[in-house]
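Working notes, beginning with the structure itself.
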Amino acid sequence: MTLRRRHSGDDPREWLNRARSNLVRATVTAPEVYLEDLCYDAQQAAEKAVKGLLLARAIRHPFTHDLSALLSLIEETGIKIPGDVFEAATLTRYAVVTRYPGPMRPVTEAEHAEAVRIADRVVRWVERIL
């Protein structure tokens, strides 16, 4: 495996590196790993990619995991967001609720696959813009 060149924490390229890392982790299934945890990594991939774009455009953003809110900030600057990228809003539920034991049903394999597909689209979209 080849590690990407690291950049400072205020460099959008490092945010994208971290997004890619989370995306890879989201795809690595094992019997001992909850799909909820992998969906969290998918959500984190999308969130870090979007925050990297916000950083690149010097757009201040709140400390939030809400992908809809973060994407709306980008849209307010005139950047057109494709509909399939806006689907990332559905990943927000994996940022908090599924991270800890609680009253939720387990994530299905189909939901996990969809979370990874959406996160991948977001990361690729940000890569094209940056």
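What the table below lists for this structure:
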{"read-out": "Residues that are outside any loop (DSSP other than H, G, I, E, B), of a type outside the set (A, V, I, L, M, F, W, C) and over 22 Å from L16 (Cβ atoms), drawn from the stretch 91-113", "value": "R93, T98, R99, E109, E111, H112"}
{"read-out": "Scan of the stretch 63-101 for residues that are over 16 Å from the mean Cα position of the chain (by Cα) and of a type outside the set (D, E, K, R), ordered by number", "value": "T77, G78, I79, Y100, P101"}
{"read-out": "Single condition E47 does not satisfy, out of (1) within 30 Å of P31 (Cα to Cα); (2) in contact with a Pro (Cβ under 8 Å, 6 or more places away or on another chain)", "value": "(2)"}
{"read-out": "Contacts under 7 angstrom Cβ, first residue in the stretch 39-52 being touching a residue at least 60 places away in the same chain (Cβ under 8 Å) and of a type in the set (D, E, K, R), partner outside any helix (DSSP H, G or I) and surrounded by fewer than 24 Cβ atoms within 10 Å (Cβ to Cβ), 6 or more apart", "value": "none"}
{"read-out": "Residue match in the stretch 101-117 (condition: more than 28 Å from E75 (Cα to Cα), in contact (Cβ under 8 Å) with a residue 12 or more places away in the chain and in contact with a Phe, Trp or Tyr (Cβ under 7 Å, 6 or more places away or on another chain))", "value": "no"}
{"read-out": "So L55, is it part of a helix (DSSP H, G or I), touching a His at 6+ places or on another chain (Cβ under 9 Å), closer than 18 Å to L130 by Cα and touching a residue at least 40 places away in the same chain (Cβ under 8 Å)", "value": "yes"}
{"read-out": "Identity of the residue in the stretch 58-90, polar (S, T, N, Q) and outside any helix (DSSP H, G or I), that ends up nearest to L130 (Cα to Cα)", "value": "T77"}
{"read-out": "All positions within the stretch 1-47 that are touching a His at 6+ places or on another chain (Cβ under 9 Å), among the hydroxyl-bearing types (S, T, Y) and closer than 20 Å to D66 by Cβ", "value": "none"}
{"read-out": "Boolean, R105 is of a type in the set (D, E, K, R), surrounded by fewer than 15 Cβ atoms within 10 Å (Cβ to Cβ) and closer than 16 Å to W15 by Cβ", "value": "no"}
{"read-out": "Hey, R121 of a type in the set (K, R) and in contact (Cβ under 8 Å) with a residue 12 or more places away in the chain or not", "value": "yes"}
{"read-out": "Filter result for G52 (at positive phi and of a type outside the set (V, I, T))", "value": "no"}
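Each reported figure results from applying straightforward, stated rules to the coordinates on display, with no laboratory input. Keep in mind the model is a prediction, meaning the values are calculated, not measured. Positions of Cβ are backbone-derived with ideal geometry, glycine not excepted, and every protein chain shown enters the neighbour counts.
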